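A.B. asks: Can you read through this structure? Questions will come right after.
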Amino acid sequence: MRHFITLLKHELRVLLISPGTYIAAILFLIVMGFVFQDYLTESINASRKHSPGAEFIRSFWLPVFFIVPLLTMKSIAEERRTGTLETLMTTPVTPIEIVLSKFSAAYLYYICLWIMTFSFQVVLYYFAQDPKLIDPAPLIGGYTFIALSGFLFISIGIFSSSLTKNQLVAAILSFAMVFIIIIVGRNLTDWFNQNGNHPLLLRQIVEYLQIFQHAEDFTSGVVETRPVVFYLSGAAVLLTFSIFMIETRNSKN
Amino acid sequence: MENSNKTIEVTDLVKNYGRTSAVNGISFAVRKGEIVGFLGPNGAGKSTTMRILTGFMHATSGIVKICDIPVAAHPVAAKRKIGYMPENNPLPEELRVREYLKWRAKLKEIPFRKRRKRIEKALELCDLKRASHRIIGRLSKGYRQRVGIADAILSQPDIIIMDEPTIGLDPHQIVMIRDLIASLRGRMSMIISSHILPEIEMTCDRVIIINGGRIVAEGTPDSLRKDFIDTTVYQAEIQGDLTSLKENLAKLDDSLEITGNGNADTEGFSEIQIKGAANQNQSENILQHLTNIPNLRVRALNKHKPTLEEVFLAATKRSWDTLLPDTDPDESTFINQS
Ligand SMILES: Nc1ncnc2c1ncn2[C@@H]1O[C@H](COP(=O)(O)OP(=O)(O)OP(=O)(O)O)[C@@H](O)[C@H]1O
Ligand SMILES: [Mg+2]
């Protein structure tokens, strides 16, 4: 792992000097600003059971759908297309280091984006001064959920990017995968609840795929081990596949 | 471990892309300090072979050893020994030249104390000093090429592999790269592929010509000339009757063939070619004979040294003739697809 830091620094530097990084960040903040404002007006008009800050975290899926593919589509696919993966892979660097550095850079960026949304909460706190609006426990839980689920979402993006040398294909793949695990997981449960007796294994898998439920739980201050295991092991499996793809795919095409 | 003299040893290398075979049983070795030129027509399998040597691709079968280290089993250890510049010379567009080399120096595990010196040295050797602060994406092709070469020699590895390094360079730079390669001769083993054959002839100790994934010729340029050129050509400039010359020369050696277009220049001299048996020099005899022919004036006679290009054409043509079926994978896949 001696090259991990060198590679990560390089990734971060490339992120910092490319204008796309800042454009994406601004777009993200604008979209999330509107979402936040929306929850705010709603909570004024109708009294809700949660604080607007926590409600806001629960709309995590909206930015995840567009920001995860955008953030990760370039990472490996673009290096494969331009051939810089070849110059990288012919130095004493291992595929593990490459994948982990790409993942870490994208993850750090993703977390930075979310940390910036914390400013919304701060602004709200200053102007509202209402303890009902600002409840620290749901916020801590909510941002923990974001950090935790980010492992899985970003590794989905990295994995998609390792499959192809076409950025667009990578983006579509990661969008599809994120969509499936977020939306389909929820709908399957509804469907399962309506008609019973399914194989136990299937039920168990679906029980892990409760990303909305996890968001709900975390923002209510309920922290379980099951989601932690789910996100971390999911990320580990996907990153392992990515490492494998980097090692073998060069030889094919 | 490194007492054996061979820095690269390749045995029965085979590489298939799906059904097309790119490399088809190649074996060769490169000695320490030797510079080997890799020639072959487009699609011969040069780049594929180089990619396998550098550990970027896995071979379908066969063994590659770099300084006695099997690449398949110990890729990282083998990669430490190699400086590689791929085909098309991919570089990150956003970085500055020096930044890029600094990053590469770290990745190549050059100790901190030596890093600066090595970077300066590589910049100097590739004449990049003045461009060291420029952004790579904005450099001209030739400059980018030099950045690629600087990167390959950066860690002063035992082996340097460069895939078409002189493509896109201006004549000054080609001479410079030639001198650079010459200055590294004896210290590092090199494999260089190129389609610029005079370059290869001037820089390389040995040439390997591959075609259709097989080695079709191997040796020093001179030994290849002996093997593949079956005539010796003499060029002469004469003034006089061509038909009587033919009869006259037949007296000297009736295997000599004369061709010439008979287009005389302003002074009445025309150029002719005399083809004789291979691997012997009859210049003196021919010259004496020509000067003794009455009514014939000779202005010049020289023995034409076959270029590497002619050797290359002869060698690849011979291999196409012998292994005619499935010689050109590109073409067959094209037909399959359409
Ligand atoms: N990624 C790939 N997928 C399928 N076939 C490939 C791939 N790369 C190369 N080939 C095939 O392998 C053969 C050898 O290709 P290679 O690039 O090694 O040729 P080359 O000798 O370097 O040619 P050139 O002089 O044009 O660079 C060609 O027939 C090519 O079509
Ligand atoms: Mg090539």
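A.B. asks: Of all residues in segment B:288-338, count the ones that are within 16 Å of ligand 1 (Cβ to nearest atom) and at pLDDT below 80.
C.D. replies: Total meeting the criteria: 17.
A.B. asks: Being more than 16 Å from ligand 2 (Cβ to nearest atom), assigned to a loop (DSSP other than H, G, I, E, B) and either away from chain A (no Cβ under 14 Å) or at pLDDT 95 or above (or both) is the filter here, so list the residues in segment B:1-60 that pass it.
C.D. replies: B:1, B:2, B:3, B:4, B:5, B:32, B:33, B:34 - these are the residues of segment B:1-60 that are more than 16 Å from ligand 2 (Cβ to nearest atom), assigned to a loop (DSSP other than H, G, I, E, B) and either away from chain A (no Cβ under 14 Å) or at pLDDT 95 or above (or both).
A.B. asks: Which residue, of B:102, B:106, B:114, B:79, is more than 13 Å from ligand 2 (Cβ to nearest atom), more than 12 Å from chain A (Cβ to nearest Cβ) and basic (Lys, Arg)?
C.D. replies: Being more than 13 Å from ligand 2 (Cβ to nearest atom), more than 12 Å from chain A (Cβ to nearest Cβ) and basic (Lys, Arg) holds for just one of B:102, B:106, B:114, B:79, which is B:114.
A.B. asks: Looking for whichever is modelled with pLDDT under 80, away from ligand 2 (no atom under 16 Å from the Cβ), among the acidic types (Asp, Glu) and farther than 30 Å from residue B:33 by Cβ here; the options are B:247, B:237. Which one fits?
C.D. replies: On the way: B:237 fails: modelled with pLDDT under 80.
Within the list B:247, B:237, the selection yields B:247.
A.B. asks: May I pose another question? So which residues in segment B:188-199 are within 14 Å of ligand 2 (Cβ to nearest atom), crowded, with 20+ Cβ neighbours inside 10 Å and more than 14 Å from chain A (Cβ to nearest Cβ), if there are any at all? Give the steps one after another, and end with the answer.
C.D. replies: Going residue by residue through segment B:188-199, those that are within 14 Å of ligand 2 (Cβ to nearest atom) are B:191-196.
Next, from what is left, pick out any that are crowded, with 20+ Cβ neighbours inside 10 Å: B:191-194.
The answer is B:192, B:193, B:194.
A.B. asks: I've got another one for you. Out of the residues in segment B:148-167 meeting the condition of being within 14 Å of ligand 2 (Cβ to nearest atom) and more than 11 Å from every other protein chain (Cβ to nearest Cβ), tell me which one is surrounded by the fewest Cβ atoms within 10 Å (Cβ to Cβ). I'd like the intermediate steps shown before the answer.
C.D. replies: First, pick out the residues of segment B:148-167 that are within 14 Å of ligand 2 (Cβ to nearest atom): B:161-167.
Those still in the list that are more than 11 Å from every other protein chain (Cβ to nearest Cβ) too: B:162, B:164-167.
Values: B:162: 25, B:164: 20, B:165: 27, B:166: 22, B:167: 16.
Per the criteria, the residue is B:167.
A.B. asks: Looking at residue A:43, is it outside any helix (DSSP H, G or I) and either in contact with a helix residue (DSSP H, G or I) (Cβ under 6 Å, 6 or more places away or on another chain) or without any contact (Cβ under 8 Å) to a residue 60 or more places away in the chain (or both)? Please lay out each step first, then the result.
C.D. replies: Working: outside any helix (DSSP H, G or I): no; either in contact with a helix residue (DSSP H, G or I) (Cβ under 6 Å, 6 or more places away or on another chain) or without any contact (Cβ under 8 Å) to a residue 60 or more places away in the chain (or both): yes.
No: the conditions fail for residue A:43.
A.B. asks: Shifting gears a bit: In segment B:228-255, what residues are touching a strand residue (DSSP E or B) at 6+ places or on another chain (Cβ under 9 Å) and either of a type in the set (S, T, N, Q) or free of Cβ contacts under 8 Å to residues at least 40 places away in the same chain (or both)?
C.D. replies: If we filter segment B:228-255 for residues that are touching a strand residue (DSSP E or B) at 6+ places or on another chain (Cβ under 9 Å), which is where we start, we get B:228, B:230-240, B:242, B:245-246, B:249, B:253, B:255.
B:231, B:232, B:235, B:239, B:242, B:246, B:253, B:255, listed by residue number.
A.B. asks: Kindly indicate the residue of segment A:79-94 that is more than 7 Å from chain B (Cβ to nearest Cβ) and more than 22 Å from the chain's Cα centre (by Cα) and also nearest to residue B:157 (Cα to Cα) among those meeting that condition.
C.D. replies: Looking only at segment A:79-94, we keep the residues that are more than 7 Å from chain B (Cβ to nearest Cβ), and these are A:79-81, A:85, A:88.
Restricting the remaining residues to those that are more than 22 Å from the chain's Cα centre (by Cα) gives A:80-81, A:85, A:88.
Numbers: A:80: 25, A:81: 27, A:85: 20, A:88: 16 Å.
For segment A:79-94, the residue satisfying everything is A:88.
The values are calculated or read from the model by the stated rules, or taken from the named source; none is laboratory data. Treat the numbers as computed from the prediction; the structure is a model and nothing was measured. When we count neighbours, we look across all protein chains shown, and the Cβ atoms used for this are built from the backbone with ideal geometry, even at glycine.
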